[in-house]
Every structure is written in structure tokens, then in C-alpha cells.
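The values are calculated or read from the model by the stated rules, or taken from the named source; none is laboratory data. Quick caveat: nothing in here was measured; it's all calculated off a predicted structure. Glycine gets a Cβ as well: all are built from the backbone with ideal geometry, and neighbour counts include every protein chain shown. Side chains are part of the model used for accessible areas, which takes the heavy atoms of the whole protein and leaves out ligands, DNA and RNA. Shrake-Rupley method; radii C 1.70, N 1.55, O 1.52, S 1.80 Å.
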Amino acid sequence: MTKNILLAAVGGQGLVLATGILAEVALRAGLDVKTNDVIGLSQRGGKIMGSVVMGDKIHSPNIAPQQGDILIAFEALEAKRMLPYLKDGAIIIKNDYEMAPSLVQQEKREYDPDIDSLLDGKGEVIRLDATAIAKRIGHPAVANILMLGVAARYIEIEDEIWHQVIQEHVPPKSIELNLEAFDLGKAGTY
Amino acid sequence: MEKRVITGNQAIARGFYEAGGRVAASYPGSPTVELLEAIKDYPEIYAEFSTNEKVALEVAIGASMGGVRSLCSMKHVGVNIAMDPLMTFTQTPISGGFVLVTGDDPGMSSSQNEQDNRILGKFANMPILDPSDAQEAKDMTKLAFDLSEQYLRPVMLRITSRLCHSRSIVRLEEPTEPIYKPFVPDTASYCMLPPYTYEAQHRMKDKMAELAQAAADLDINRLEHRSDEVLIITSGLMYHNLRSVSDEISVYKLGLVYPLPIDYIKQLAEKYQRIIVLEEMMPFIEDELKIHGIACEGKNLFSFTGELNIEDIELGLLEGGVLTEAKYAQLRPIETTPRAPLFCAGCPHRPVFDILKKTKAITIGDIGCYSMGLLYPFEVLKTNISMGASLGMVKGMRKAMDMNGDHQPLVAVIGDGTFFHSGLSGFANLQYQMSGEENITYLVLDNSTTAMTGGQPTSGSKSMDGAGQSILLDDVLKSMGFTDIQRIDQFKYKQAAQIIGDAIKRPGIKIIITSRPCALHFKIREPHFYVDPKICIACRSCIRTNCPPLRMKEYEGIGLKSSIDPAQCVGCSICAQVCPVNAIKRFGDEAKGGSDD
Ligand SMILES: Cc1ncc(C[n+]2csc(CCOP(=O)(O)OP(=O)(O)O)c2C)c(N)n1
Ligand code: SF4
Ligand code: SF4
Ligand code: SF4
């Protein structure tokens, strides 16, 4: 069984940390795993994507069009951009948080109004304002871990492994907050 | 054996450590930045980011001649900068093993061109290794040092952006005992002038021929036989992408892509009905085979540019009749609003470009975060070529315009990183054969770091790697004889606009140095700003600064006015300073509050 997980975000939202955690979790669960981050001009507000492929024996870290099982989208518009990579019926975890690209900010274009209907037509959508929830529990920066928690519902790996790996990957003083965010996402009680 | 899941860059760093490597030098550039940063985690290794790639290569050459295993890593275009020492060093016999890591960028996800450095490796008579995942990246790094010492060649480890940033599982091993071969002066080996260079030509040729003979027996060149119809010759990540398409095609997977085991491939060509080469960018392996009279296909089926993803490979094989049925769909993008990168909230470059846009002067660009000044909505920079190029270019353009009676002002920008990388010689040349009347305004954007590549120190940063180096670029420019130099605080918007505007009007070479540090690497911790929609007149001056948190928004009962997302605003105050009616205020000036950061 191979699981193809895609991540999409705007630079600075913590995507690389999230793919790193997914990779380590898969390794500890005894799976083969390969990941990729396509960062481009990195931190500066551009679009970025990641892929994580886990299973028994993995060749390419890349995911071909219409092959994604799970999409974790940290920003709404970036969720739409990734749709061509998803299987019909894929799990789509969507942060409702919107970041306007320059063209929208300068009022040359509207922020795409069709995102939600397109997502609904593609697969099972889990919507949450992860940025607002993360802010409410302590810091907007833990939105990425909160969303990993949601994704963990669809990846059969024990919580203990997730907890251990998150602890090792986040700054020591924010471990508790990150674990809280993960558990909240996993339980869906945000 | 401990297993870890790490990136290609981290794997090469680990490989260097396990190979007993001792000196590493680099200059930052995507996709290889993280490699040297990862090497710095091993205290037994001396590692530095040098001022540019040429210096980095020379540091590594010295260490290799000095008798230790040394590594030099850089972005693909960095090798152009290092080419001069490389082309002569390669003539010398190797003492401590030497590996040059070049990070190529098929698809140009973060580069200004797409050059295929295998061409340069061949040009420099270097063996070239091309790993396919992190495990191979580590193993081949170690092998590269053995080959380097055995065949007396510097070895090129050619990696691509995907490999650099891709994680996969790696088995860690214990490091081998580091070598030390004390330097023995030997004119014929290390002093490359004729007549010693005559002998060197033969040594290079003979050693490469010897390696070509041995190449068929290297484990990293591996035949996976399936059927006799087609043999695909490939290397690197392309191998895994191909195997994701089909496991039923015969593959000759190369680890060493130059020199090729030509005799062995000739035998294979007799056994298989068709040979197809699968490689990204140039038809490098394909051309090598054709030069040696081996009939093959390749670029007739696969693109000469961009990355070759799983579905692209499948499509090429379908076109070539190797496959009859498609397993994968082609990418059909949904029309989505594009998202270009932009200056961070609080970026020190923002006010500079907002001011320059209003001056309408022709502005020559250079390479750094400020290159984004060429993008919408600023579109201020009119050229973007290579690091340090703005200096020669602005002078040449000035001469061309003036001799045709066009004396409109010219402006150019350069960052502090690029200033020390390759701007010094351009500045030294700028006043040469100039009358003093030529109108050039130079903005040196000193943000105390090499921001674009992730915030490495520059020679002008307050402390270089904690080693205390800090060269004041103002002093450097003064000592070069520039007299019209001003340092400004660009966060005092009106004052900065006045100084820049006045300078552009004056004849002569004027240098303006901006002082605010990069907002990403030196965080601004100020209370955020907010818009009072009752005061805002919706003029959009603030919006035009393109700061990410700013957006027009519909307020109930008030209408469409500006707004600021408090989660993103760092409180630099630029938007407030460009507002004509003071509608933008600092949070907490009346209510108590703190930064959201
Ligand atoms: C020859 C070469 N080496 C490395 C790079 C990668 N690179 C892109 S921008 C940059 C430096 C930017 O530093 P600076 O001029 O200080 O501008 P900043 O990003 O800080 O604004 C580097 C090293 C390159 N493009 N070309
Ligand atoms: S990284 Fe620094 S210099 Fe680059 S855009 Fe961001 S704030 Fe500006
Ligand atoms: S004060 Fe204005 S310009 Fe500065 S970061 Fe905040 S929104 Fe951007
Ligand atoms: S600059 Fe001031 S008045 Fe103009 S849109 Fe912005 S907040 Fe409103």
C-alpha cells in the first residue's frame, strides 16, 4: 500500500517542517518513504509544494497528476492549484485562511471564488480555519502541526510515534503547544 | 546500522564526514545552500562560506594540495565563476581527494538559467557522478573521493534541485580515518606553466581513458535486464521516475555519467534492438554515444528543458512506441490566480522600490531578493543578468546613451552580498575613463545578509560566522575614490525619497547606501498597524507598496477601504508613512496590545 500525500502552502507557513515530520513518522513506522519540497524563491510569499510518498518500496518522491491520496493545504488558493494532482475521492484538508496574491491585492483579479465548489467536486473536504484556531490556542505558527493532526486521522500510524517526532522537530519551548495542536487536529475538537 | 531520513544535501554532508573529509568551502546558492550548512554540524571539519565561488574553489584546492580530502559546493552558475581556477587545477595530479558538487536546476525553480554542468565537467576532464537518491548521494560522495585519489582527477558530483531537497532513507556508517599527505613541493605537479602543462595534457587524457575502461565494472553502473527490445540508459532521479512508470523495461543505470564505458555500451547496443537515453536538459549521454557511433534515441522523445516527471517520461515512451498504454494522466492545470513571490512584510527593499517606481528612472538590476523589484507590481528593474553584472552594465549603457545624446538619468541597485561576491571589481572599474559628468545613481542595499539564499553572513555583516569579520562597505567605496556617498535610513520614507530624488537629478556618480537589515533574518518586533476605515480615502498608496498584509476590504456601512492582516504585519510603518491622510495607525497607541509575532 502506497500513500501519496501532497502539501501546498505559501512561503513561510512551515511546509518544509511538515514534510520533514511526515517523513520521519513513516520511517519510524517501518515504511519506506521519499519526500520532496519545491520551494522556488523560498520564504518570500511565493507558492510552495511538498510531496510525501510512503509505502513498502518507493521509487520516485514525485507524485504524478491524479495520484494524490491526501492534500494538506495551508492556504485556500493553493488547495485549488493542487487539484489536478489528486485522485477522485481524495482527502482534502483545507485551511480556510486566505493570503491574497499580488494580483488580488492590486485588484486586478478577484480571489478565486470557485475554490470550495471545486474542492467538493473532487473529494472529501475537511475545512478548518487552522490559522485562527492555532492563534486561539497560543500561536498562529502551529497551524501546520494542527493540520498534520487532521491528516493523521487518515494515516495509520500510532500517536506515540507522531508525538515523539514532533517533539524532536519543534523548538523546545513550543513542544507543549505543538503537541496540543496535533491532538486537537487529530480529535477534531477545535 | 542507524537509519535516517534525510535530504540529498544532508546525505552528501554525511558522506563527506564518513569519507574523512576535512575542509569544505562553498558560496550560497539554491539548491546547494543546505549542504555546507549541514557540514558545519561536524566539528572535525573546517567549513566556510567564502566570498564567492572562485574563492571557495581556491580554498578547497589549497586544502587538497595541502593533503586533506576537500569538498567545494555551489549552485550551477557558481561554477562559471570558479571556472578559471578549475580549468587549470584539473591539470594537476590530486593529493587529498577533491570533489566539486554542482547543484543544477532543471526547470529553473530558483535560478536565472538552466545550464547543464555535465558539459563543464567534461570540459574540465572530470569524472561526473549523478546520484539518484539520498543513499546514493552519500555513497557516491565517498566513492568520489576514492576515484579522485586513484585517478588523480577532481571529481564532479552533479546533483539537481530535486535531489538536493528530496528526503529518503539513508544508512549511517562510521567515518573512515582521515588522510593527511603533507605537501611536497613539486614544480611539475603544481606549477602550471609550460613546459609542465604539456605533460599534464597527457596525464588528464590517460587517466580519463583508464577510468572509462574500469567504468563497466563499477557497481554504480548497473544493468537491469528485462527484455531485449529496448534498453533505456539513464541516471539520477530519472531512474526512479522511470521505474515508477514501468518495471518491465531493461535499464542501464549509470552512476558515473562521464567517462562512459563505451566498449561495454557497444556490446549492449548489439544485444538490444533499441537504445533510448533518458536524461534531463542537454542530450549529454546521447551525444557521447553518438560521437562513438552508437545509434540511440533520446531528445526526440523527451524535452530538452524542464524537469522530466513521471508522466513526462511515460508520454515520451508512448510516443516512442515503447509503451502502448498510459497509466498516468497528463497534468491539466486548473486556471488559478498566479502567486508570484514578493518582499516580506517589513522588507527593507520595499520603500526603496516604492520610491524608485515614482522616479520613473531606468534602473539596472542585480541578483538578490531585490531582483523581485522586476516583478509586478513594482516592475522597476529593467535588467537582470548575473551577480555583480549591474556595475559593468550601467557603465556600458551610460556610454552608449551619452554618445547618442541621451542623458536621462540611470539608476542601478546592488545588495551587500553581491557587492562582496563580485561587485568590488565592478566598482573599481566604474570611474575609469569617466568624465565625472555621467549621471549614474547607485543604490547599495545593505541589509546585513545574503537574504535570498537564506540569510548567510556577508563580509560586511556585523560578524562573519561569529569570526568577527566586518568590512564596512562605505569605507571600501571611499577608498576607491567615490566622493558622493550617503548612507540613509529608508524607513524614514520622506527623507529617503528626497535624498534619492535629488541624487538622480545631479550629474556624476552618486552612491546611496541603505541601512535597514533584512526583516526575515533580523526580526522587527514592533506592534502591528491597522487602518482606521473612517479616515481612509481609499487612495491605495499603501496597497501599492505590495506589503503582504495589506488588502482592500468591504467595511459594513463604510465601503471599500484598506485593511491590514495583524497576523502578518511586523510594524515597519512604511504603509503609514505613505498614507496621505494618516489613516494607518500603530496598534496600542490608544489601546494596549502587543505584536502578533
Ligand atoms: C554566481 C551565483 N552564485 C550564487 C547565486 C545565488 N544567489 C542568488 S541571490 C544571491 C545573493 C543575494 O545577496 P544580496 O546581494 O545581499 O541580496 P539580498 O538577497 O540580501 O537582498 C545569491 C548568492 C547566484 N545567483 N549566482
Ligand atoms: S528575506 Fe529579507 S531581504 Fe528578502 S524579501 Fe524578505 S525581508 Fe526582504
Ligand atoms: S506596517 Fe504596513 S508596511 Fe509595515 S509590515 Fe505592517 S502592513 Fe506592512
Ligand atoms: S494610503 Fe491611507 S487613505 Fe490611501 S488607501 Fe491606504 S489607508 Fe486608505
Could you list, in sequence order, the residues of region A:133-156 that are buried (at least 17 other Cβ atoms within 10 Å of the Cβ), among the hydrophobic types (A, V, I, L, M, F, W, C) and part of a helix (DSSP H, G or I)? A:Ile133, A:Ala134, A:Ala141, A:Val142, A:Ala143, A:Ile145, A:Leu146, A:Met147, A:Leu148, A:Val150, A:Ala151, A:Ala152
Taking region B:289-315 and keeping residues in a loop (DSSP other than H, G, I, E, B) and open to solvent by 30 Å² or more (accessible area, probe 1.4 Å) leaves B:His292, B:Gly293, B:Ala295, B:Lys299, B:Asn300, B:Ser303, B:Phe304, B:Thr305, B:Glu307
Within region B:366-377, restricting attention to residues that are buried (at least 23 other Cβ atoms within 10 Å of the Cβ), touching a helix residue (DSSP H, G or I) at 6+ places or on another chain (Cβ under 7 Å) and not β-branched (Val, Ile, Thr), which residue is nearest to the other protein chains (Cβ to nearest Cβ)? B:Cys369
For B:Val570, are the conditions met, namely being more than 13 Å from chain A (Cβ to nearest Cβ) and either within 11 Å of ligand 4 (Cβ to nearest atom) or buried (at least 19 other Cβ atoms within 10 Å of the Cβ) (or both)? no
Please determine whether any residue of region B:449-461 is away from chain A (no Cβ under 14 Å), modelled with pLDDT under 95 and either out of contact with any helix residue (DSSP H, G or I) (no Cβ under 7 Å at 6 or more places or on another chain) or within 16 Å of ligand 4 (Cβ to nearest atom) (or both). yes
Quick one: in region B:346-355, of everything that is more than 9 Å from chain A (Cβ to nearest Cβ) and buried (at least 24 other Cβ atoms within 10 Å of the Cβ), which residue is farthest from B:Lys510 (Cα to Cα)? B:Gly346
Filtering region B:536-558 down to residues that are more than 7 Å from ligand 4 (Cβ to nearest atom) and more than 14 Å from chain A (Cβ to nearest Cβ) yields B:Tyr555, B:Glu556, B:Gly557, B:Ile558
A:Met49 passes all but one of the listed conditions (1) farther than 18 Å from A:Val16 by Cα; (2) out of contact with any helix residue (DSSP H, G or I) (no Cβ under 6 Å at 6 or more places or on another chain); (3) more than 7 Å from every other protein chain (Cβ to nearest Cβ); (4) not hydroxyl-bearing (Ser, Thr, Tyr); the exception is number (1)
Taking the conditions exactly as written (open to solvent by 30 Å² or more (accessible area, probe 1.4 Å), out of contact with any Gly (no Cβ under 6 Å at 6 or more places or on another chain), among the acidic types (Asp, Glu) and not in a helix (DSSP H, G or I)), does B:Glu114 satisfy them or not? yes
Give the residue that is farthest from the other protein chains (Cβ to nearest Cβ), with candidates limited to residues of region A:1-18 that are assigned to a loop (DSSP other than H, G, I, E, B) and not polar (S, T, N, Q). A:Met1
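Yes or no, residue by residue, for (1) more than 16 Å from ligand 1 (Cβ to nearest atom); (2) under 30 Å from B:Pro527 (Cα atoms); (3) assigned to a helix (DSSP H, G or I):
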position: B:Glu335; (1), (2), (3): yes, no, no
position: B:Leu342; (1), (2), (3): no, yes, no
position: B:Val352; (1), (2), (3): no, yes, yes
position: B:Thr363; (1), (2), (3): no, no, no
position: B:Asp366; (1), (2), (3): no, no, no
position: B:Phe378; (1), (2), (3): no, yes, no
position: B:Lys395; (1), (2), (3): yes, no, yes
position: B:Ala428; (1), (2), (3): yes, no, yes
position: B:Ser448; (1), (2), (3): no, yes, no
Residue hits (region B:104-114; away from every other protein chain (no Cβ under 13 Å) and either touching a helix residue (DSSP H, G or I) at 6+ places or on another chain (Cβ under 9 Å) or touching a residue at least 40 places away in the same chain (Cβ under 8 Å) (or both)) are B:Asp104, B:Glu114
For region B:497-521, name all the residues that are more than 16 Å from ligand 1 (Cβ to nearest atom) and either within 14 Å of chain A (Cβ to nearest Cβ) or not in a loop (DSSP other than H, G, I, E, B) (or both). B:Ala497, B:Gln498, B:Ile499, B:Ile500, B:Gly501, B:Asp502, B:Ala503, B:Ile504, B:Lys505, B:Ile509, B:Lys510
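To keep it simple, each residue is scored yes or no on (1) surrounded by 19 or more Cβ atoms within 10 Å (Cβ to Cβ); (2) of a type outside the set (Ser, Thr, Tyr); (3) more than 14 Å from every other protein chain (Cβ to nearest Cβ).
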{"site": "B:Glu2", "(1), (2), (3)": "no, yes, no"}
{"site": "B:Ala11", "(1), (2), (3)": "yes, yes, no"}
{"site": "B:Ala38", "(1), (2), (3)": "yes, yes, no"}
{"site": "B:Asp41", "(1), (2), (3)": "no, yes, yes"}
{"site": "B:Glu44", "(1), (2), (3)": "no, yes, yes"}
{"site": "B:Ser64", "(1), (2), (3)": "yes, no, yes"}
Among what's in region A:88-122 and is in contact (Cβ under 8 Å) with a residue 40 or more places away in the chain and not hydrophobic (A, V, I, L, M, F, W, C), pick the residue that is surrounded by the fewest Cβ atoms within 10 Å (Cβ to Cβ). A:Tyr97
So which residues in region B:507-546 are near ligand 3 (Cβ under 10 Å from one of its atoms) and either open to solvent by 30 Å² or more (accessible area, probe 1.4 Å) or touching a Gly at 6+ places or on another chain (Cβ under 8 Å) (or both), if there are any at all? B:Ala519, B:Ile524, B:Glu526, B:Pro527, B:His528, B:Phe529, B:Tyr530
Evaluate the following for B:Ser109: is it at pLDDT 95 or above and either open to solvent by less than 10 Å² (accessible area, probe 1.4 Å) or in contact with a Ser or Thr (Cβ under 8 Å, 6 or more places away or on another chain) (or both)? no
